[in-house]
1. Any chance you could run the full-extension gain for Arg135 through Phe114? It's 0.36 nm times the residue separation minus the Cα-Cα distance, nm to one decimal.
2. Looking at this model, which pairs from Lys85/Lys121; Lys34/Lys138; Lys11/Lys32; Lys85/Lys130; Lys32/Lys72 are more than 18 angstrom apart at the alpha-carbon?
3. Heavy-atom accessible area of Lys121 with all protein chains present, probe 1.4 Å, nearest 10 Å²?
4. When all protein chains stay in place, what accessible area (Å², nearest 10, 1.4 Å probe) is found for Tyr124?
Amino acid sequence: MNTSDLFPLSKVSGSSWTGYWIDADYNVYSTKQKDTPYKLARTGTGSCTGKYYSLSTSGRFGSTAYKVDGIKRDLNNDPGFMVYKNTRHITGSTMTPIAMTGYIVGSVRKDGSFSFAMQPKVHYTESSAKSETERLAKSTPGTTYVYLEVKGRCKAGGVTWN
């Protein structure tokens, strides 16, 4: 799993959450100790009611336990997370887009037309799309890559916008 497949908690809860990520099923991941995200285990046994994550935030008290329900409430009130969540479908550990909202990366052909994959990966942040565009450009010198923001879609046979 890459951070480009996850939503950064710092966008919702501030800089003390830098290095923590969440998926559409509210599983929390960290990059605090490793470069690649690793899934955090939920705690909460004995006298604890509910499930908690023990996160090492930059607060003055070090590790702090955060209730999963509180994290969900904050995220469900965040429009950026809702776009991320509504455009992801989780099947095992594979995440695939089910709606076209976000950014997609493609190349520019010699005739000036754009070329995209049949099912392009949807990036949920501009920085993720920018990074992927740069990576592709460096790996294929001479080819121009672009990232475009997808703002909606319309299906033929009756106009329906979403």
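The values are calculated or read from the model by the stated rules, or taken from the named source; none is laboratory data. Given the structure is predicted, the values throughout are model-derived calculations rather than measurements. Only protein heavy atoms, including side chains, enter the accessible area calculation; ligands, DNA and RNA are left aside. Shrake-Rupley method; radii C 1.70, N 1.55, O 1.52, S 1.80 Å.
1. Residue separation times 0.36 nm, minus the Cα-Cα distance, leaves 5.8 nm.
2. Lys34/Lys138; Lys85/Lys130; Lys32/Lys72
3. Surface accessible to solvent at Lys121 totals approximately 80 Å².
4. 40
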